[in-house]
Amino acid sequence: MTYNTIAYLIFIPAVIVITIKVGYQCFTYGKEYLSCAFVKEPHLVGPINNSLLVGYIVLNTGYALVSLKFWETITNLPHLIEYLSFQLGCLILLLGVMHVFNMSVTYIISKRKIINQQNHINYGN
Amino acid sequence: METKLIVIAYCIYLPVALGLTYYVAKNLFKSGIVFMRDIFKGKEEIALATNKLFELGFYLLNIGFALVILKIDPFENTTQEIIELMSVKIGGFAIYLGIMMFFNLYLFFRGKKKSNEPRIRPFKDGDYIPNEF
């Protein structure tokens with residue numbers, strides 16, 4: 001068993017577990033936001049949330065698995081730890097940046113929506 | 001012997017970095033929920049959800065960063081040099097964690113301030129108005 005095989009055997013389950021865990025956290029706590037965004041159509045919240053979760057999991061695991069093709073050959077144990085940790089770290093960092101970006105977008109949209117509602121109430125546009 | 005030293009260093013760095021992240025996040029978001037309740041004015045569910053999502057982002061960013069900066073490149077594989085390198089790395093990561101923590105606290109305070117201001121401004125030309133309004 002080469003070092004690359006060991007790395008793959010650790011990397012693939014780790015990626016799948018991390019993606020699914022993060023996805024379910026967002027799924028559980030994002031429901032609240034979705035029901036704020038779709039006040040008029042509450043029956044859409046569940047399906048939209050589900051399809052977002054599935055799409056996210058499929059895209060992320062797919063990306064991680066495709067990226068395996070471009071790994072370099074691993075020669076020894078320290079290199080194994082460094083490279084594995086770097087790859088996992090990049091993936092988690094990417095997830096984190098996407099998450100923060102999504103949250104800021106949600107914040108901006110909610111602000112705009114509240115301002116529009118207020119204008120609607122005040123000016124009757 | 002040389003490779004073993006590096007592996008030991010990594011085995012020390014990883015639990016320390018992850019444990020530090022866990023400790024900071026736990027303490028920060030234990031107090032964060034109080035701010036969130038203030039910001040959302042008693043809407044308990046959305047306050048909890050926002051707190052959890054902030055926590056998730058904090059964990060993802062910091063653990064990702066900790067893993068990315070793991071690699072050390074010792075010049076001559078002596079115990080002394082590796083201890084110095086690891087110490088610099090852990091210290092640097094702790095400082096980074098502190099900065100992130102204060103940034104999060106700043107966000108909490110800013111949110112608290114903003115939630116007390118009325119979120120309304122006069123209607124201007126060029127404002128986006130959805131069709132249903």
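The values are calculated or read from the model by the stated rules, or taken from the named source; none is laboratory data. Here the structure is a predicted model, which is why all the values come from computation and not from measurement. Here the Cβ is made from the backbone with ideal geometry for all residues, glycine too, and neighbour counts use every protein chain on show. Just so you know, the surface numbers come from the protein's heavy atoms only, side chains and all, with ligands and any DNA or RNA stripped out. Shrake-Rupley method; radii C 1.70, N 1.55, O 1.52, S 1.80 Å.
Under the classification rounded if a/c is under 1.5, otherwise prolate if a/b is larger than b/c and oblate if not, where does the range A:1-48 fall, given a ≥ b ≥ c as square roots of the Cα gyration tensor eigenvalues? In terms of gyration-tensor shape, prolate.
For the range B:11-71, applying the loop criterion from DSSP together with a ceiling of 14 other beta carbons within 10 Å to the trypsin sites (Lys or Arg not before Pro) yields B:Lys41. Buried area at the B:A interface is about 3400 square angstrom, summed over both chains, from accessible surfaces computed with a 1.4 angstrom probe. Taken one residue at a time, the phi angles of the range B:77-89 give Karplus couplings (6.51, -1.76, 1.60, θ = phi - 60°) of 6, 9, 4, 4, 5, 5, 4, 4, 4, 5, 5, 4, 5 Hz. Gly and Pro are set to x. Note on B:Asn77 and A:Ile16: their simple-model spin labels are 3.5 nm apart, each label 7 Å out from Cα toward Cβ. Between B:Ile8 and A:Lys69, the FRET efficiency from the beta-carbon distance, with R0 = 30 Å, is close to 0.40. Electrostatic bookkeeping for B:Lys71 treats Lys and Arg as +1 and Asp and Glu as -1; over the other residues with beta carbon under 10 Å from its beta carbon, the sum is -1.
For chain A, the relative contact order comes to 33 percent (Cα pairs under 8 Å, sequence separation of at least 6).
Geometric descriptor of the range B:1-78, per residue, is 80 Å³ (volume of the convex hull of the Cα atoms).
I want to verify the translational diffusion coefficient of chain B in µm²/s; compute it with Stokes-Einstein, Rh as the Kirkwood radius over Cα pairs, at 4 °C and 1.567 mPa s. Don't skip to the answer; put the middle values down first.
Numbers: Rh = 18.0 Å.
Approximately 72 µm²/s, per Stokes-Einstein.
With axes computed from alpha carbons, what is the tilt in degrees of helix B:44-68 against the longest principal axis of chain B, rounded to the nearest 10 within 0 to 90? That works out to roughly 30 degrees. What is the sum of charges, Lys and Arg at +1 and Asp and Glu at -1, for the other residues whose Cβ falls under 12 Å from the Cβ of A:Thr28? Computed value for this residue: +1.
Converting phi to 3J(HN,Hα) with the Karplus coefficients 6.51, -1.76 and 1.60 and the offset θ = phi - 60°, the range A:91-105 yields 5, 5, 4, 4, 4, x, 5, 4, 5, 4, 4, 4, 5, 5, 5 Hz in sequence order, with x at every glycine or proline.
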